[in-house]
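Chemist: Just dropping this structure here.
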Amino acid sequence: MQRKACLLAGAAALALSFGGPAMAEDSSDPIIIPIHNWSSQIVMSHILGEMLTENGNSVEFVSADSQAVYEAIRLGDVHLQVEVWEGAFAESFDAARAQGGIHAAGAHDAITREEWWYPLWVKDQCPGLPDWEALNACAEIFATPETGDRGRFLGGPVDWLKNDHERVEAMDLNFTVVNAGSAAALWAELAAAERNETPIVLFNWTPNFAEAVWPGEFVEFPPWEEGCLACGHPADGYLKIAAWDGMQENWPSAYAILSRLNFTNPQIAEMARLVDVEGLDPEDAAIAWMEENEDTWRAWMN
Amino acid sequence: MSASLDQHAASVGNRSHPLQTWQILLALAFVLAVGKALLPPGLVRPPEWMILPFDDWINAAFDFIRNDLGLVVVTRAIADGIEWCLDVTGNLLYGRNRWPRIGPVPWSVVLVSMTMLGYALGGWRLAALAGGTILWIAVMGQWRWSMETLSVILVAAPVSVLLGLVTGVAAWRWRAFERVLNPLLNIAQSMPHFAYMIPVVVFIGVGPKAGAVVTIIFSVPPMIRLTLLGLRKVPSEVVEAGKMSGASQWNLLTRVRIPTARTEILIGVNQVIMQCLAMVVLASFIGMPGLGQRLLQMLQALRIGPAFEIGITIVLIAVTLDRLSRAWAMRKPVHHNPGTSWARRHRLWLIWAGLAVAAWLLAQMVPYFHIVARGQALSLAGPINAVVNAFLDVVSPFTEALRRFLIVQVLIPFRDAILWLPYTTVLAVVAAAGWALGGWRSALVCLAFIVPIAMTGWWDRAMITVYTVLTAVTVAALFGIPCGIWAAGKPSRARRTLLVCDTLQTFPSFIYLIPVVMLFGVSDVAVLAAVMVFAAVPLVRYTVEGLTGIAPEMLEAGQMNGATRWQALRHIRLPLAFPTLLVGFNQSVMFALFMVIIAAFIGTQDLGQEMQRALSATDVGKGLVLGFAVAFLGLMVDHLLMRWSDRVRTGNRRRQGAA
Amino acid sequence: MADPVIRCRNVWKAFGPDPAGHVRAVEGGAPLNADGHVVAVRDVSLEVRRGEMLVVMGLSGSGKSTLVRCLSRLIDVTGGQITIEGQDIGALSERDLIALRRRKMGMVFQSFGLLPNRTVLENVAFPLEMRGQERGARIARARAMLELVGLAEREDYYPRELSGGQQQRVGIARSLAIEPEIWFLDEPFSALDPLIRKEMQDEFLRLKALSERAIVFITHDFDEALRLADRIAIMKDGAIEQCDTADRIVLDPATEYVARFTAGVDRARVVHAGALIQPLNGVAVEGPPVASGDTIRVLARRLIEDERGLIPVADASGRVVGALQRKAALDLLVGEAP
């Protein structure tokens, strides 16, 4: 069965080389989609993968570091990235764009924000929130054995490269940054804190399933400015789609689908929820989401 | 008798000597620590002027080599060649859509082949192991990931072997080359895995080919070492016989030396395969697909059930590959009786061909035997999760209390104490240790290793690493050495323990994180536990080896003198085993260092964490500086412990001679 | 007599940082082993002719193995000259040396030096393979050699599947595969147990008789030397103490050291009638002669029963070459000095 598909693809490639550029067909080479270490990105990548497979493309997934990926796209080692968060990746993305080879193929409607965050039960214990000065004033209630007198800020995995350490230093906050090993470790800590309503402040973002499970608020830091360490992250960041420059030429129809991709905050949160709360495998979560939202993604197909 | 008197007199003489240099150094360290408040800041923390921007220099050098010299073109061309090989194995093993587009080979065919291979190399037991592993992988629905991993090993291992062989032969042939190579190998083998990844990412990028390249680089050193060893060990008479047979230099190498060094070279192959597996799993950090990636995802998602399953798969693969390649290395040729027919001589090949064709036909008819689809796979994840959860419910109050106690009462105070020490104190202590064990020369060597660390500006991070390793190795020694002593009590027990240690050491280091994450979650204590377990294995092993390796007449002499078991242990066996034990400590520290760095991704605050950040930011300079810092720490400990071991060993010998 | 096949003149071999300088110093009277130098061969001169077998005997560390390696140029000498059929082997290029070994030399080693990955047959064929002989021919030749040493049945075996004695037979077969004119044997039987050793010595004598070669045989076993040798060179500290026939060594040891070796030897088993003869000088001796090649031990009964004071001795062709003093022979037989 599979072999037959290969043969067909091969024949198509042959036809292409004889037929000349007039017949713009997608190349039979696989489109390589990078996978990162947060759930919605993985699920979205698989959704795209399913769509492209249905479109007749061959697709491969590789896991990649979420910062290094832009350099890889630029070189054509991987071909796209479906979730470029402004707060986290704008710097790497822009740096790669400046060198050429990579561009934004589209943008989601979703608005992103990544920031220090607390669940609502903390608000009673530390009056004056969400202001950051109020947070700093009651830092000691966040203290843990590891951090001694200072409050603990639970950061994301180090490879997300948030400037938390630098911010703590620049703003002279009474906090120590402890990095969780993974997103799941963040939620595990949050769930554990919920049991006794222990005060906790951690890294969180939207769109994310966590907003549905644990109501909470972002801490308000001074508004974002380019290159300012004593400021917050962008409050209404973009969520873009990055693509390799060669993609449009090699796989025109796949590229068209990619550029039509457009998810909203609730949709993305739902994807994350399927994995992080329901415990589905990302592949299964992608299929489950596609079954639920057939109209949405059908509209983006050719 | 008189010799021992002399020695005694000499040691008394030493003792009456006013003060030894190392004691002065130690006193100096003490004074520096006590008088910390009075010290100028430049003696407490490395002063600004002392910290050199090594990372900027390295970055500049890399930029120059990469872009201005255009080496990136070369490396990417090499990587493309490797990618082509990966495409072929990828197509054959898991049907990647690349030339030659005939894969994937049905799992049933692989099952038959591996079982036959196991049988040919090591009889039914090995056949069962190899077959069982393949069956587990296929039935548990882990085929694709496992084959992704194996397809890389299939490319990386032969390339490594070839590179290692050629380099090893060159080092054997040209003394000067060996002299240059040796220190490089020492550093390479004490650099943590991550340090290798960053330059590779710079030159090659991320993804499977980068993973393959880093795997190759990482696994070459042991092959070089063993090739060299094997060539050195070829009996001189065999070489002379070759010469007298009129062999030219080339003939001597290819037909006499290398075939005669077969066993060592094949043990090198075994090492390469095991290193490849360890690295391939870790290379998931730079985009290597397969089991490692899957395990990483599952661990990060804290999904213990699936993580556990993958862990079992990795362990099974490791043990199988290890046993197969070792059986191959140890295999001795056996003659056929004259007149044996062709079919009989090639009996195993024929059976294999028949079974493979049968399996292939079966796979064509029943798709299950071709590929086990997602829905058809068995999974133990549910039951494992249930068991683990039940287990955790029971132990979690205990582990939680333990964790809290360790953090508050032990770890934090100890860490703060180490961080509180002025760096000059640490330098003085290191110099004192060097001087005490190996004179001024060793003191200088140790300083040469540790002063650059102070100059990198990562002093505090390095001290956290030191603290983690120290704590872990100490705790590991506290239960590892008694374990070893107990195991050495009976020969059969000793043998079994060594086998267990052997097997544990074949596991890729990543595996050790699964149970600790399960028990302690993602925390400091989990890191410590993983490091501890990993570091305990060599300690147990060398304790057993040290205690069982004592000449029986020494023990008999003790028995004749009426020593009780405890006295024999305390006064005869332990002192004699001590040098071996020190070697165990040495390896334990090395393992701990490696593990600390790997464990970075479950949240540490030491060099490892910074290294992971450097990896994410593709900051070669920083990554290499950190890598060298770790390597230097390791080399320093290595130097000290080996010196000590040598000293004790010659001391033991002298004492025996005197007796 | 024919020219010597191997001639060795004032050969020195020293190991250490500056071997040549050290040899000059020793020649000038400096101590033998100093400054990390070791002198293994010291001013050795000897000759071996075609059809002659020289046994080099010495205790371990006496330099005998080094000497044989100098003769085959497995190691280069520090001083002196070694010629093979008039050719200075120290001056040979790598290529010529290989050619010389391929044509003329065979060597047997103490621990056999077999290639573990090749069958017995392939081991024996190895020198022929190196010589570039075509496969069929070399297999046939190797089979013939195995036949000769009685291992034809074992040709498909691997060395480790054979006993020590059998392995050494393979070593011998390999060394003879190219029909060497010069045959070196470096303690070939030392690693074997005594019974096998005796058997192998007989085997060796049989093979030796098959063709005329120049043979250098190394041993540390004086009895073995006496049993096999045409001439024996006794080495001590790298130098040759005495180089002579077995009879002369036993009857007339040149140094104290050699005398100590011969002290425990049953001379009657070693000394031949021919070695004890006095010239006739016109004196008529009567009665049947004894053969000059028989040892006194062999002649024991006749010596006791014979009543003549002088017994005629005849060489292999039956010509009387001299007379044996019966009393001297009997003294030797009962172990008293002649």
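Chemist: Please go through region A:182-209 and pick out each residue that is more than 14 Å from every other protein chain (Cβ to nearest Cβ) and closer than 23 Å to residue A:238 by Cα.
Modeler: A:204, A:205, A:206, A:207, A:208, listed by residue number.
Chemist: Can you tell me which condition residue B:137 does not meet? The list is (1) farther than 24 Å from residue B:586 by Cβ; (2) without any contact (Cβ under 8 Å) to a residue 24 or more places away in the chain, and all the others hold.
Modeler: If we test residue B:137 against (1) farther than 24 Å from residue B:586 by Cβ; (2) without any contact (Cβ under 8 Å) to a residue 24 or more places away in the chain, just (2) comes out false.
Chemist: I'd like to verify a number: residues in region C:119-128 that are surrounded by fewer than 24 Cβ atoms within 10 Å (Cβ to Cβ) and at the interface with chain B (Cβ under 8 Å from one of its Cβ atoms), how many?
Modeler: So the count comes out to 1.
Chemist: Taking the conditions exactly as written (touching a Ser or Thr at 6+ places or on another chain (Cβ under 6 Å) and buried (at least 22 other Cβ atoms within 10 Å of the Cβ)), does residue B:640 satisfy them or not?
Modeler: Spelling it out, it is not the case that residue B:640 is touching a Ser or Thr at 6+ places or on another chain (Cβ under 6 Å) and buried (at least 22 other Cβ atoms within 10 Å of the Cβ).
Chemist: Need at least 3 residues that are among the hydroxyl-bearing types (Ser, Thr, Tyr) and more than 14 Å from chain C (Cβ to nearest Cβ) per element, so show me which helices (runs of 4 or more DSSP H) inside region B:182-286 make the cut, counting only ones lying wholly within it.
Modeler: In region B:182-286, B:208-233 are the helices (runs of 4 or more DSSP H) which contain 3 or more residues that are among the hydroxyl-bearing types (Ser, Thr, Tyr) and more than 14 Å from chain C (Cβ to nearest Cβ).
Chemist: Now, a different point. For region C:173-289, which helices (runs of 4 or more DSSP H) that fit wholly inside it have 3 or more residues that are under 30 Å from residue C:307 (Cβ atoms) and touching a residue at least 40 places away in the same chain (Cβ under 8 Å)?
Modeler: Ranges flagged: C:267-270, C:273-276.
Chemist: Determine if region A:86-98 includes at least one residue that is within 12 Å of the chain's Cα centre (by Cα), open to solvent by less than 30 Å² (accessible area, probe 1.4 Å) and among the acidic types (Asp, Glu).
Modeler: Scanning region A:86-98, I find no residue that is within 12 Å of the chain's Cα centre (by Cα), open to solvent by less than 30 Å² (accessible area, probe 1.4 Å) and among the acidic types (Asp, Glu), so the answer is no.
Chemist: Given the options A:89, A:142, name the one that is touching a strand residue (DSSP E or B) at 6+ places or on another chain (Cβ under 9 Å) and within 14 Å of chain B (Cβ to nearest Cβ).
Modeler: None of the other options fit; the residue is A:89.
Chemist: Then there's this: How many residues are farther than 21 Å from residue C:210 by Cα and either modelled with pLDDT of 95 or more or surrounded by fewer than 21 Cβ atoms within 10 Å (Cβ to Cβ) (or both) if we restrict to region C:130-153?
Modeler: Residues flagged as farther than 21 Å from residue C:210 by Cα and either modelled with pLDDT of 95 or more or surrounded by fewer than 21 Cβ atoms within 10 Å (Cβ to Cβ) (or both) within region C:130-153 amount to 9.
Chemist: Does region B:373-382 contain any residue that is under 31 Å from the mean Cα position of the chain (by Cα), more than 14 Å from chain A (Cβ to nearest Cβ), assigned to a loop (DSSP other than H, G, I, E, B) and closer than 19 Å to residue B:141 by Cα?
Modeler: The answer is yes, given that some residue of region B:373-382 is under 31 Å from the mean Cα position of the chain (by Cα), more than 14 Å from chain A (Cβ to nearest Cβ), assigned to a loop (DSSP other than H, G, I, E, B) and closer than 19 Å to residue B:141 by Cα.
Chemist: Now for a different question. Restricting to region C:20-47, give me the number of residues that are within 29 Å of the chain's Cα centre (by Cα) and either part of a loop (DSSP other than H, G, I, E, B) or of a type in the set (Asp, Glu) (or both).
Modeler: Here the count works out to 6.
Chemist: Every residue in region B:202-213 that is under 11 Å from residue B:284 (Cβ atoms) and at pLDDT 85 or above, please.
Modeler: B:211
Chemist: If a residue must be facing chain B (nearest Cβ under 7 Å) and more than 12 Å from residue A:35 (Cα to Cα), how many such residues does region A:72-81 contain?
Modeler: Qualifying residue count for the region: 3.
Chemist: Among (1) surrounded by fewer than 17 Cβ atoms within 10 Å (Cβ to Cβ); (2) at pLDDT below 90; (3) over 11 Å from the mean Cα position of the chain (by Cα), there is one condition residue C:205 misses while meeting the rest; what is its number?
Modeler: (2)
Chemist: Return the total of residues in region A:43-63 being at pLDDT 85 or above and at the interface with chain B (Cβ under 8 Å from one of its Cβ atoms).
Modeler: 3
Chemist: Residues to consider are B:103, B:90, B:118; find the one that is out of contact with any strand residue (DSSP E or B) (no Cβ under 9 Å at 6 or more places or on another chain), under 26 Å from residue B:317 (Cα atoms), open to solvent by less than 20 Å² (accessible area, probe 1.4 Å) and not in a helix (DSSP H, G or I).
Modeler: Of B:103, B:90, B:118, the one residue that is out of contact with any strand residue (DSSP E or B) (no Cβ under 9 Å at 6 or more places or on another chain), under 26 Å from residue B:317 (Cα atoms), open to solvent by less than 20 Å² (accessible area, probe 1.4 Å) and not in a helix (DSSP H, G or I) is B:103.
Chemist: Can you name the helices (runs of 4 or more DSSP H) wholly within region A:194-262 that have at least 2 residues being of a type in the set (A, V, I, L, M) and touching a residue at least 60 places away in the same chain (Cβ under 8 Å)?
Modeler: A:210-213, A:252-260
Chemist: May I ask you to verify whether residue B:395 is open to solvent by less than 60 Å² (accessible area, probe 1.4 Å), away from chain A (no Cβ under 13 Å) and under 30 Å from residue B:135 (Cα atoms)?
Modeler: The answer is no for residue B:395.
Chemist: Only one residue in B:592, B:599 is within 14 Å of chain A (Cβ to nearest Cβ) and either within 19 Å of residue B:475 (Cα to Cα) or touching a helix residue (DSSP H, G or I) at 6+ places or on another chain (Cβ under 8 Å) (or both). Which one?
Modeler: Criteria check complete, one pass: B:599.
Chemist: With A:272, A:285 as the choices, which residue is within 13 Å of chain B (Cβ to nearest Cβ), part of a helix (DSSP H, G or I) and within 15 Å of the chain's Cα centre (by Cα)?
Modeler: A:272
This table checks each residue for (1) facing another protein chain (nearest Cβ under 7 Å); (2) among the acidic types (Asp, Glu); (3) open to solvent by less than 20 Å² (accessible area, probe 1.4 Å); (4) closer than 20 Å to residue C:13 by Cα.
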| residue | (1), (2), (3), (4) |
| --- | --- |
| C:53 | no, no, yes, no |
| C:59 | no, no, no, yes |
| C:63 | no, no, yes, yes |
| C:96 | no, yes, no, no |
| C:101 | yes, no, yes, no |
| C:113 | yes, no, yes, no |
| C:116 | yes, no, no, no |
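Chemist: Let me ask something else about it. Please tell me if residue C:132 is within 11 Å of chain B (Cβ to nearest Cβ), of a type outside the set (Ser, Thr, Tyr), under 26 Å from the mean Cα position of the chain (by Cα) and not in a strand (DSSP E or B).
Modeler: no
Chemist: When you look at residue A:134, is it at negative phi, assigned by TED's automatic domain parsing to the domain that holds residue A:174 and out of contact with any Asp or Glu (no Cβ under 9 Å at 6 or more places or on another chain), yes or no?
Modeler: The answer is yes for residue A:134.
Chemist: Could you list all residues from region B:73-87 that are surrounded by 18 or more Cβ atoms within 10 Å (Cβ to Cβ) and under 20 Å from residue B:618 (Cα atoms)?
Modeler: B:75, B:79
The values are calculated or read from the model by the stated rules, or taken from the named source; none is laboratory data. All values reported here derive from a predicted model rather than from experimental measurement. Note that each Cβ is placed from the backbone with ideal geometry, even for glycine, and that neighbours are counted across all protein chains shown. Accessible surface areas use protein heavy atoms only, side chains included; no ligands, DNA or RNA. Shrake-Rupley method; radii C 1.70, N 1.55, O 1.52, S 1.80 Å.
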